[in-house]
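Sharing a structure here in structure tokens format.
The values are calculated or read from the model by the stated rules, or taken from the named source; none is laboratory data. The model shown is predicted, which means the values in this text are computed figures rather than measured ones. Cβ sites come from the backbone with ideal geometry, for glycine too, and all protein chains shown count toward neighbours. Accessible surface areas use protein heavy atoms only, side chains included; no ligands, DNA or RNA. Shrake-Rupley method; radii C 1.70, N 1.55, O 1.52, S 1.80 Å.
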Amino acid sequence: EIVHAHFAVAVLASACARLSMPWADVHWLATYQGLHAGAEGTSCRARWAELMAARLMSQNWVLTRHDAEILSLAIGPATVRHQRSLGVGCDLARFDPVRYSGQGRRSLRESLAIPPDKAVLLYIGRKAAFKGFASAVRCLWATRQLGHDAHLIVVGTNDSLHSSGLSAEEQNRYMHDCHITDAGWQDDVAPYLAIADLTVIPSIREGMSVAMMESLAMGVPVVTSDRRGCGDVVRNGIDGVTLASVQPASVAEAVSALLVDRARLAGMTAEAIRGRSRFDRKNYINEQVEIYARLFGDNRRAYSRES
């Protein structure tokens, strides 16, 4: 009765299935984390395949206003829906600042040889230029040139398919910089967020950034771009800063301003914690239940929130 495909590849497979099995009483739903059609650097073939598949779906659900506008222009607004929830959100129990005591935070700093009075910037994600890796690294160097004693922790792996954005000389400097900790892949990012003053992810291409949700849930303000999936999570001037330019100088200026104005930074931390319920996974689950219930109508069996 319902075929619900998540992500573009699954939607394409479902669209092909619908062509061979055009059941009139089946609802074909598509949910996109982020449209290829609205992303920079996407091939024409990928865009064509995505839009072709979307036209064959009964409803197309997107997570951002940007994607809703792009898809509505491309295929018409009749089947395009904008979700209220921010995707699947994050695990609020896991990313809860109350889990970490002051002593626990001090111990982790000591284990990483980071002095207690040193500002900690955190980058989370693949080491890819489009994710903002190179901009975050250059931001650290620019921030230190501005006179701030800052340390950068990088949590993430290399990306074999995409450039890091660093030159060979910069990569060598990165590997030997005592003010940078390369933590690599981590199963649990929360401890690193517990000691961070700011998360810096100047990404230019996101679907809906879970890393930023996790950061804000932990009460760590985020400096990022105003692109899709970033500006939808981070509330500019409230719990972080979204920038039109992710050039290192612009990112460093934003970071520096927050490190100088500790009262403003503390206010953003408080707002992030106050608004963390936005990322509760129950929001997404309840919205899916409501969608299915509307499709079935009153003459079908009820689906409770506990089902």
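In whole percent, and with a 1.4 Å probe on the protein chains, what portion of the accessible area of the chain is carbon and sulfur?
54 percent
I would also like to ask the following. Under 5 Å between amide H atoms, partner at least 5 residues away or on a different chain: which partners does T181 have, H built in plane at 1.01 Å?
Correct list: L152, I153, V154.
Now for a different question. For segment 262-301, just say rounded, prolate or oblate: build the C-alpha gyration tensor, square-root its eigenvalues into a ≥ b ≥ c, call rounded for a/c under 1.5, and beyond that prolate if a/b exceeds b/c, oblate if not.
Note, shape of segment 262-301 comes out prolate.
Using the Karplus equation 6.51 cos²θ - 1.76 cosθ + 1.60 (θ = phi - 60°), what ³J(HN,Hα) coupling, rounded to whole Hz, does each residue of segment 59-76 give in order, writing x for Gly and Pro?
Couplings: 9, 10, 9, 10, 9, 10, 4, 4, 5, 4, 5, 4, 5, 4, 5, 7, 10, x Hz.
Could you provide, to the nearest whole Å², the per residue accessible area of the chain with probe 1.4 Å?
48 Å²
Now for a separate question. In sequence order, what are the phi-derived ³J(HN,Hα) couplings for segment 278-285 according to the Karplus relation 6.51 cos²θ - 1.76 cosθ + 1.60 with θ = phi - 60°, rounded to whole Hz, with x for glycine and proline?
So the Karplus estimates, Gly and Pro as x, are 4, 9, 5, 5, 5, 4, 5, 4 Hz.
Between V137, V210, V98, find the one with the highest GNM mean-square fluctuation for the chain; connect C-alpha pairs within less than 10 Å.
Result for the chain, Cα springs under 10 Å: V98 fluctuates most.
On to the next question. Towards the positive end of the charge dipole of the chain, with charges on Cβ (+1 Lys, Arg; -1 Asp, Glu), say which of A270, M213, M52 has the farthest Cα.
Ranked along the dipole, the leading option is M52.
With a ≥ b ≥ c the root eigenvalues of the C-alpha gyration tensor of segment 134-259, is it rounded (a/c under 1.5), prolate (a/b larger than b/c) or oblate?
Judged from the Cα gyration tensor, segment 134-259 comes out rounded (a/c under 1.5).
Enumerate the calculated ³J(HN,Hα) couplings along segment 218-234 in order (Karplus 6.51 cos²θ - 1.76 cosθ + 1.60, θ = phi - 60°), each rounded to whole Hz, writing x wherever the residue is Gly or Pro.
The phi angles translate into 8, x, 9, x, 10, 10, 8, 8, 9, 6, 3, x, 9, x, 6, 9, 8 Hz.
Where q = 0.09, 0.22, 0.23 Å⁻¹, what log10 of I(q)/I(0) comes from the Debye formula for segment 1-122, counting one point per Cα?
These q points yield log10 I(q)/I(0) values of -0.42, -1.23, -1.32.
Have a look at D187, D239, D149 and tell me which one the Gaussian network model of the chain (Cα, springs below 10 Å) gives the largest fluctuation.
D187
In deg cm²/dmol, rounded to 500, what helix-only [θ] at 222 nm does the chain give when every DSSP H run of at least 4 residues adds -39500 (n - 2.57) and the total is split over its residues?
So the calculated ellipticity at 222 nm is -12000 deg cm²/dmol.
Let a ≥ b ≥ c be the square roots of the eigenvalues of the Cα gyration tensor of the chain; is it rounded (a/c under 1.5), or, if not, prolate (a/b larger than b/c) or oblate?
Judged from the Cα gyration tensor, the chain comes out prolate (a/c at least 1.5, a/b above b/c).
Given a 1.4 Å probe and the protein chains all in place, what does the accessible area of L56 round to, in Å² to the nearest 10?
50 Å²
Go ahead and collect, in residue order, the members of segment 256-278 whose backbone nitrogen is under 17 Å from a label point 7 Å along the Cα-Cβ direction of I238.
Residues passing the 17 Å test: 265-278.
Hey, another quick one. Cβ neighbours within 10 Å, averaged per peptide: list 170-177, 244-251 in order, most packed at the top.
244-251, 170-177
Taking H placed 1.01 Å from N in the peptide plane, check which residues at least 5 places from A128 or on another chain put their amide H under 5 Å from its amide H.
F133
Amide H of V80: which non-local residues (sequence gap of 5 or more, or other chain) have their own amide H closer than 5 Å, using H built in the peptide plane?
Here the answer is N60, since their amide H atoms fall under 5 Å of that of V80.
Still on this structure: Choose one answer from Q186, Q103, Q145: the residue with the largest mean-square fluctuation in a GNM of the chain with alpha-carbon springs under 10 Å.
Comparing Q186, Q103, Q145 in the GNM, the peak value goes to Q103.
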